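Asker: This is the structure I want to talk about, given as structure tokens.
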Amino acid sequence: MSEQEQKQPETEIEQPELNEADTAEVEQETVEGPSERIAELERELAAANATIAQQKESVVRAAAEVENIRRRSATDVEKAHKFALEKFVNELLPVIDNMERALLVADRDQEALKPMIEGVELTLKSFTDGVVKFGVEVIDPQGEAFNPDLHQAMSMQESAEMAPNTVIAVMQKGYQLNGRLLRPAMVMVSKAAPTVDTNA
């Protein structure tokens, strides 16, 4: 065999080895390429999922805020309707007080005044019935336990007949509008009589 013929097969033999090495390199690149690409896509997916979670949370918060605003607005409108008459009723209370005072001092023994007294009583009843229809409640705590939320103590008086902190007298009635205090009842409250020490 000639030298050339011998060299040719060697090259042919070497060539397949190179081809196998190249193929292995290419395969390694393609394996590394997709794994890097997969890792990159997984990072992008994680970032997209985080963004979606944030957006969902923002939407839930916005919906809750809208619901809270709607509820607050409804409550405010309800209160506005409920207490729209507050200023008006406060202006009417002195009129009711004056009519009640007039009836207290009226001389019921005089025959000439009886029709007028009856007319004032009917007017007062009609007037108070009218304001009651709009949610006004009278606070007349005669004989009840003193309640600082509804009553204003003007004085205290010792009393052996009544338990301490009981309303003895009502100086001026109080009023509420739909549960809201317009004016506390001005009252006189009982206190315990001083005890006498018999051992002394």
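The values are calculated or read from the model by the stated rules, or taken from the named source; none is laboratory data. No experiment lies behind these values; they were computed from the predicted model shown. Glycine also receives a Cβ, built like all others from the backbone with ideal geometry; neighbour counts cover every protein chain displayed.
Asker: For residues that are hydrophobic (A, V, I, L, M, F, W, C) and within 26 Å of the chain's Cα centre (by Cα), scanning just the range 132-143, find the one that is modelled with the lowest pLDDT. Give the derivation first.
Answerer: In the first step, residues of the range 132-143 are kept if they are hydrophobic (A, V, I, L, M, F, W, C); the result is 132, 134, 136, 138-139.
Then drop every residue that is not within 26 Å of the chain's Cα centre (by Cα), which leaves 134, 136.
Values: 134: 89, 136: 93.
Residue satisfying both the conditions and the ranking: 134.
Asker: Any residue at all in the range 191-200 that is among the hydroxyl-bearing types (Ser, Thr, Tyr) and either within 30 Å of residue 82 (Cβ to Cβ) or surrounded by 14 or more Cβ atoms within 10 Å (Cβ to Cβ) (or both)?
Answerer: Start the filter on the range 191-200 by keeping residues that are among the hydroxyl-bearing types (Ser, Thr, Tyr), which leaves 195, 198.
With either within 30 Å of residue 82 (Cβ to Cβ) or surrounded by 14 or more Cβ atoms within 10 Å (Cβ to Cβ) (or both) added as a condition, the list becomes none.
Scanning the range 191-200, I find no residue that is among the hydroxyl-bearing types (Ser, Thr, Tyr) and either within 30 Å of residue 82 (Cβ to Cβ) or surrounded by 14 or more Cβ atoms within 10 Å (Cβ to Cβ) (or both), so the answer is no.
Asker: Can you give me the number of residues within the range 144-200 that are assigned to a loop (DSSP other than H, G, I, E, B) and under 34 Å from the mean Cα position of the chain (by Cα)? Please lay out each step first, then the result.
Answerer: In the first step, residues of the range 144-200 are kept if they are assigned to a loop (DSSP other than H, G, I, E, B); the result is 144, 146-150, 159-165, 173, 178-179, 184, 192-200.
Then drop every residue that is not under 34 Å from the mean Cα position of the chain (by Cα), which leaves 144, 146-150, 165, 173, 178-179, 184.
Residues in the range 144-200 being assigned to a loop (DSSP other than H, G, I, E, B) and under 34 Å from the mean Cα position of the chain (by Cα): 11 in total.
Asker: Moving on. Could you check, for the range 100-107, whether at least one of its residues is in contact (Cβ under 8 Å) with a residue 24 or more places away in the chain, more than 30 Å from the chain's Cα centre (by Cα) and closer than 21 Å to residue 170 by Cα?
Answerer: As a first pass, look at the range 100-107 and keep what is in contact (Cβ under 8 Å) with a residue 24 or more places away in the chain: 100.
This time we only want the ones that are more than 30 Å from the chain's Cα centre (by Cα), so: 100.
Then drop every residue that is not closer than 21 Å to residue 170 by Cα, which leaves 100.
Yes.
Asker: With the requirement that a residue be surrounded by 15 or more Cβ atoms within 10 Å (Cβ to Cβ) and in contact (Cβ under 8 Å) with a residue 40 or more places away in the chain, what does the range 116-136 give you?
Answerer: The answer is 131, 135, 136.
Asker: Considering only residues that are farther than 30 Å from residue 180 by Cα and outside any helix (DSSP H, G or I), which ones fall in the range 77-119? So that I can check it myself, show each step before the final result.
Answerer: Taking the range 77-119 as the starting set, the residues that turn out to be farther than 30 Å from residue 180 by Cα are 105-119.
Selection gives 106, 107, 108, 109, 110.
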